[in-house]
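Have a look at the structure below, then the notes.
The values are calculated or read from the model by the stated rules, or taken from the named source; none is laboratory data. Keep in mind it's a predicted model, so treat the numbers as computed, not measured. As a convention, Cβ positions derive from the backbone with ideal geometry for all residues, glycine included, and neighbour counts pool all protein chains shown.
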Amino acid sequence: MPTGLELKEMILASSETSTSLSTAIANCAKEPIHIPGSIQPQGFMMVFDEQALTVLQVSENVVDWLDLAPDQLLGRHLDELLEDAAVLAERLAQLSDEDTTPFHIGDVRFRQGSRRGELTAMVAHRFDRVLIAEFETISNTITAYNTLYPMVRTFIGHLQGANDIDELCRLSVAEVKRVTGFGRVKIYNFDPEGNGLVLAECLDEGYPSYLGLSFPASDIPPQARQLYVANRIRVIEDANYQPSPLRPACNPLTGKPLDLSYATLRSVSPVHLQYMRNMQTIASMSISIVVEGQLWGLISAHHASARSVGFQTRTACELLGRVLSLQIEAKIAHSRTQHLLQLRRHIVQMLSAMADRDSVSEGLLALPDTFLDFAQASGAAIISTSHCDLIGQTPPRDQVNALVQWLGTRTSDDLFQTDNVGRDIPELPELAKHVGGLLAVAISELHSHYLIWFKPEQTRIVQWAGKPEKAISASGALSPRHSFARWQEEISGFSTPWHEQVPESALELRNAVLGIVLRKAEEMAQLASDLKKTNKELEAFSYSVSHDLRAPLRHIAGYAELLGDFEGTKLSERGVRFLEHISESARFAGTLVDNLLSFSQMGRSALRFTDVNLHALVESIREEMKPDYQSRNLEWHIQPLPRVVGDAAFLHLALRNLLANAIKYSRERDPAIIVIGAQENDDEVIVFVRDNGVGFNMEYVDKLFGVFQRLHRMEEFEGTGIGLASVRRIIERHDGRVWAEGKIDQGATFYFALPKRHHPVLA
């Protein structure tokens, strides 16, 4: 066991190592590989003033080619150095300022030096205010023809006939190997994080295979990736080369190091050369695959010994890379178009279902498979003010509600997506236990209404070409890994990624849903206008009923009472009984008119949603009704009742009607027992009122909640037949439902269910 001091020293050492490694990685990313100040020695370089055509810079190794020192060449004019300088000057003038690709000017002869009169290949390009000329050994014309002609005639045709990208890659690695003769040629594609997966490979015996293995993004620093996009081909003929510096070191026109981004002979980073040697690769060639302006992948050719690549072969390989890039881009575009058509088809189906129904939720719930297939999800949720509808494999409802609240805290963006919930939503650690990725889109400008898709976590195994870790050398510089043997890593916490077109299509769906909601809002506005007119007519009718009907009824009741007072002694027993019937009927008719007016107004009054304590509400109603039952033997059994969101006044009226019913129809029981309780599920709160009264025949249960519908004779139980109809209207206005169960002489139970609302809403 290490002591406390030893442990502290170990922690400090680890921290220092981590800091040093971070510094080394950062320095590697900043390495100016486009201005190395030197070239590879398989050729030499001269840099000319593009106007004066005089030598500004020259590589030191020119002495190995021409037996002339750099100082002997600086400042010399083109026609002093090369035969047919006028023709060459004309060709150089034709180089485009925009096309930075090195171009074969021709095979030239020097006027001076040990190679005087010998043909030397000259490749030049215009960049950074100068003409950069690279000279190398000439290539065999017959070999070039044998390389290019089969490729143009046969290979490109095969590429066009390939069924998919994998086949394109297999054809390409075989062709590059044929053209170049390298021992191993592979193609790898970069994922969004920059890691490269080997898709195809062609190799000689004795070369280790990397097919199916991944190379970490850190193998290629950002500035190298930029160069791969700018310069489509890079050749290293010998990883053990000694770089040849430029003289002078800086471009005399700019006073800065010469930018060699597009030069064929550009020297490469020592770290990369060590990387090659660790891979037992001495010669290499990389061909960029650029799709839609981005580095999609690389064709990487390796050889165990030094190997030259002539400019004709390089030209052929660059052409192959560009054709392959176009073919891959076409395949991707076709696949994207097909997928987009499928997404649009799903959107049309969902919108059609929504348009045919009263709400977005109803429309999507009618097509659950389409809703899930749209995002290739395993589960989904439809969130509205009062509902949380779940489809397929989803997290628990409480976790979905917590997610909705978290989404509501975000002040920007109508869309949120992640393929790693644990990483991107650390505030909800429980959510990550149930889901790997999610996509959420808001479908309301005002309320927390969302469409959410879920994907499960998918643990995957990545096969790396060597353990993807970096080390630092004794000098503090980054040191590449030494082993490229297969190394397996298990990656968890992630779902399969969302298709790149799904988020955009989800926003398109959102906009369409908002359009439907707006249209329905306009329809509702028109309907509201029509209802307003109808309500005014009803109010006028109600006033007429109140004024023209209640007044005569009062007169009938009043005169009947007066007749009884003044002439009662003169009337027979039968006449007195008739007079009592007249009075009772008039009073009943007055009560009936009052109840009808109240019932009609109930549907027009605005609801005011608040938190309602049902237990307190029941207790207050019991206190109000105490005079109606205090002389009776009545037992109350009140179970714990929850809080709900609703209109307190209307819920008071509904419960009062139900309790009055229970008291009335149990009055023949001794003792009368009334039970009030509640049940809860994920979506609703269900409240019930149970009595041991006379009950009813379930055959007629559908009549219970209708106006003037009575299942018992008025002579037995008084009432107007409006109370239960009022209960139904109140509960339905709360988006709830009512029902009842009963047996004759065994009591009855009345239920109403209210949807769970987390926040008060406007009705």
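Take the residues in the stretch 670-701 that are polar (S, T, N, Q) and over 51 Å from the mean Cα position of the chain (by Cα), then tell me which one is modelled with the highest pLDDT. Steps first, answer last, please.
The first filter runs over the stretch 670-701 and keeps only residues polar (S, T, N, Q), leaving 679, 681, 692, 697.
Subset that is over 51 Å from the mean Cα position of the chain (by Cα): 692, 697.
Details: N692: 90, N697: 79.
For the stretch 670-701, the residue satisfying everything is N692.
In the stretch 247-271, which residue that is out of contact with any Gly (no Cβ under 6 Å at 6 or more places or on another chain) and in a strand (DSSP E or B) is nearest to Q40 (Cα to Cα)? Talk me through it step by step, then tell me what you get.
If we filter the stretch 247-271 for residues that are out of contact with any Gly (no Cβ under 6 Å at 6 or more places or on another chain), which is where we start, we get 247-248, 250-256, 258-264, 266-271.
Among the residues that remain, those that are also in a strand (DSSP E or B) are: 247, 250-251, 256, 266.
On the way: R247: 14, C250: 18, N251: 18, K256: 20, R266: 6 Å.
Per the criteria, the residue is R266.
Kindly indicate the residue of the stretch 613-669 that is of a type in the set (F, W, Y) and at pLDDT below 85 and also surrounded by the most Cβ atoms within 10 Å (Cβ to Cβ) among those meeting that condition.
Ranking the qualifying residues of the stretch 613-669, first place goes to Y665.
Residue under question is Y149, and the condition is that it be assigned to a strand (DSSP E or B) and either at pLDDT 90 or above or farther than 30 Å from N251 by Cα (or both); does it hold? Show your work before the answer.
Values: assigned to a strand (DSSP E or B): no; either at pLDDT 90 or above or farther than 30 Å from N251 by Cα (or both): yes.
For Y149, the condition - assigned to a strand (DSSP E or B) and either at pLDDT 90 or above or farther than 30 Å from N251 by Cα (or both) - is not met.
Only residues that are within 19 Å of F484 (Cβ to Cβ), among the hydroxyl-bearing types (S, T, Y) and at pLDDT 95 or above: list them for the stretch 256-296, please.
Passing the criteria: T281, S284, S286.
Has the stretch 104-115 got at least one residue that is part of a helix (DSSP H, G or I), over 48 Å from the mean Cα position of the chain (by Cα) and not assigned by TED's automatic domain parsing to the domain that holds R247?
Restricting attention to the stretch 104-115, the residues satisfying the condition of being part of a helix (DSSP H, G or I) are none.
No, every residue in the stretch 104-115 fails to be part of a helix (DSSP H, G or I), over 48 Å from the mean Cα position of the chain (by Cα) and not assigned by TED's automatic domain parsing to the domain that holds R247.
Please report, ordered by residue number, the strands (runs of 3 or more DSSP E) entirely within the stretch 415-534 with at least 2 residues that are more than 17 Å from the chain's Cα centre (by Cα) and modelled with pLDDT under 95.
Details: elements: 415-418, 437-442, 450-455, 460-465, 486-491.
Correct list: 460-465, 486-491.
Can we say G206 is assigned to a loop (DSSP other than H, G, I, E, B), modelled with pLDDT of 90 or more, more than 38 Å from the chain's Cα centre (by Cα) and not polar (S, T, N, Q)?
For G206, the condition - assigned to a loop (DSSP other than H, G, I, E, B), modelled with pLDDT of 90 or more, more than 38 Å from the chain's Cα centre (by Cα) and not polar (S, T, N, Q) - is met.
Scan the stretch 69-97 and report the pairs whose first residue is under 16 Å from R116 (Cβ atoms) and of a type in the set (D, E, K, R) and whose second residue is modelled with pLDDT of 90 or more and not in a loop (DSSP other than H, G, I, E, B), with Cβ atoms within less than 6 Å and a gap of 6+ or a chain change.
Here the result reads R76/V55; E83/R109, each pair linking the stretch 69-97 to a residue that is modelled with pLDDT of 90 or more and not in a loop (DSSP other than H, G, I, E, B).
What helices (runs of 4 or more DSSP H) lie completely within the stretch 48-98 and have 1 or more residues being closer than 13 Å to A133 by Cα?
Numbers: elements: 62-66, 70-73, 78-81, 85-93.
So the answer is 62-66, 78-81, 85-93.
May I ask you to list the residues in the stretch 639-679 that are touching a residue at least 24 places away in the same chain (Cβ under 8 Å), farther than 22 Å from V694 by Cβ and assigned to a strand (DSSP E or B)?
The answer is R643, V644, V645, G646, D647, A678.
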